[in-house]
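Reviewing the structure listed below.
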Amino acid sequence: MAVICRTCSGKLVYNPASQMLECVSCGGKYRPEDVEDANAELHSKYYDTNVYICPQCGAEVITSDTEVSTFCVYCGNPAVVFDRIAKEYRPDGIVPFTVTREEAVKNINAKLRKNPIVPKEVKAKCTPGNLRGIYVPYWVVNAEFQEADYLQGSVKKGKHSYTYYYTRAGRVLFRNLPIDGSDILNDDVSSRLEPFFFSEAREFDEDYLNGFYSNTSDISFFDLRASAANRCHKLYEPEVIKSVEKDKADRVKLLDYIYHVDIKDDPVYMMMPVWFLTFRHDGKPHTILVNGQTGKVVGTMPWQQKRIWTVAIAIFLLCMAVIGVALWGLLHGINGMSTLFFYSVTLVISFGGIVTASGFKGIKRILRNLRLSQSESIFKYVKRRQG
């Protein structure tokens, strides 16, 4: 599907910075919609792609003629083997990359690399050369969603709190709801990449794929509807809880629910831009993703547990030293040491409680993000089963 430069017959690659196809030889620039592939079949439902196979993880890597696949983008294996030319179903639209490779690295550095607990050898892996741009398949749907809920809440009256139970039911029409079209890519990860702005979408043209990888949808309509139902429920649940909280209830919990979804109209097949930074550390896979349209970073870097424990122990010893000095002065009758001891103990207990609570919350969040980053399913994201 490669297109060539009209001036020198060099290969053209899409540049997110200029939003143009640029010749790798002479630097000529063309708008994608003004360039026609001589081998393309007009109005065809399919387009040609090159498929490479990774012998280590079995992933299928789909590229254009202008992207030389030197290693597996998902497991880092340095040798991938050309397998075949395949015809893939043509999407309805595409959101082109607007964030460059260098900008994606800058965003990762700003959010993750400056963290002092990230190992140096991991920081060294965050370079433009280790990033790969991949067009991820999405289905954009209009969904009519219905849900009935049974909730529990606590209402305070005077000095006492009473438990009440509530029922709610509603119907919502969700429009332009994006659902990732990969059976392997984690739904939680794909939803964190959002938002994508469809106002910048273009009619699909395979020229936008030049210089990038891509993947095709491998889910059934049944899977699509199930993912849409789950996504609608997650959007609907917080609003239901807010409706109960308006009745002056707190500690509201959703005890039980039942929902149903209908897909309205025909789903729209779209390709969304995502930068992937994939590497292994201590034998575990890690994948950091960047929204290729907005620059949003999803995932977290591996961290050094020894360094965290060192800092925690140092803070603990410092607090104990302050209490020890105050206690020593109190026992030796030094004026003002009783007050200092009291305030020291109070400060340490308060500070310790706050740090412990926030620390556990932060560690829980970090571990959750780390589990997503270490997901083997994301790591082998384009692996597809053959019938």
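The values are calculated or read from the model by the stated rules, or taken from the named source; none is laboratory data. The structure presented is a predicted model; accordingly, all values stated were derived computationally and were not measured. Quick reminder, even Gly has a Cβ in these numbers, built from the backbone with ideal geometry, and neighbours come from all protein chains shown.
Mind counting the residues in the range 250-300 that are aliphatic (A, V, I, L, M) and buried (at least 20 other Cβ atoms within 10 Å of the Cβ)? Steps first, please.
Pass one, the range 250-300, residues aliphatic (A, V, I, L, M): 252, 254-255, 258, 261, 263, 268, 270-272, 274, 277, 288-290, 297-298.
Okay, now just the ones that are also buried (at least 20 other Cβ atoms within 10 Å of the Cβ), so 261, 270-272, 274, 277, 288-290, 297-298.
Of the residues in that region, 11 qualify.
Check the range 200-209 and report whether any residue there is assigned by TED's automatic domain parsing to the domain that holds THR287 and on the phi > 0 side of the Ramachandran plot.
If we filter the range 200-209 for residues that are assigned by TED's automatic domain parsing to the domain that holds THR287, which is where we start, we get 200-209.
Subset that is on the phi > 0 side of the Ramachandran plot: none.
Scanning the range 200-209, I find no residue that is assigned by TED's automatic domain parsing to the domain that holds THR287 and on the phi > 0 side of the Ramachandran plot, so the answer is no.
For the range 160-179, how many residues meet the condition of being modelled with pLDDT under 90 and either among the small types (Gly, Ala, Ser) or within 23 Å of GLN146 (Cα to Cα) (or both)?
Residues flagged as modelled with pLDDT under 90 and either among the small types (Gly, Ala, Ser) or within 23 Å of GLN146 (Cα to Cα) (or both) within the range 160-179 amount to 1.
I'd like to check something: does the range 185-200 contain any residue that is within 18 Å of LYS296 (Cβ to Cβ), of a type in the set (Asp, Glu), in contact with a Leu (Cβ under 8 Å, 6 or more places away or on another chain) and at pLDDT below 85?
yes
When you scan the range 191-217, how many residues do you find that are in contact (Cβ under 8 Å) with a residue 60 or more places away in the chain and part of a helix (DSSP H, G or I)?
Summing the residues that are in contact (Cβ under 8 Å) with a residue 60 or more places away in the chain and part of a helix (DSSP H, G or I) in the range 191-217 gives 8.
Tell me which of these ARG225 doesn't satisfy, since it passes every other one: (1) over 30 Å from THR167 (Cα atoms); (2) modelled with pLDDT of 90 or more; (3) out of contact with any Pro (no Cβ under 6 Å at 6 or more places or on another chain).
Of (1) over 30 Å from THR167 (Cα atoms); (2) modelled with pLDDT of 90 or more; (3) out of contact with any Pro (no Cβ under 6 Å at 6 or more places or on another chain), only one is false for ARG225: (1).
What's the total number of residues in the range 20-47 that are modelled with pLDDT of 70 or more and either closer than 21 Å to LYS87 by Cβ or surrounded by fewer than 16 Cβ atoms within 10 Å (Cβ to Cβ) (or both)?
Within the range 20-47, residues that are modelled with pLDDT of 70 or more and either closer than 21 Å to LYS87 by Cβ or surrounded by fewer than 16 Cβ atoms within 10 Å (Cβ to Cβ) (or both) number 13.
Is it fair to say ALA169 is under 21 Å from VAL240 (Cα atoms) and over 31 Å from the mean Cα position of the chain (by Cα)?
yes
Do you know which of the residues in the range 83-105 that are of a type outside the set (Val, Ile, Thr) and in contact with a Ser or Thr (Cβ under 9 Å, 6 or more places away or on another chain) is modelled with the highest pLDDT?
Once the filter is applied, the top-ranked residue is PRO91.
Which pairs turn up if I take residues in the range 219-232 that are in the same structural domain as ASN176 (by TED's automatic domain parsing) and look for partners that are of a type outside the set (A, V, I, L, M) and assigned to a helix (DSSP H, G or I) with beta carbon separation below 8 Å, at least 6 apart in sequence or on another chain?
Close Cβ pairs satisfying both conditions: ILE219/SER227; SER227/ASP187; ASN230/ASP187; ARG231/ASP187; ARG231/SER191.
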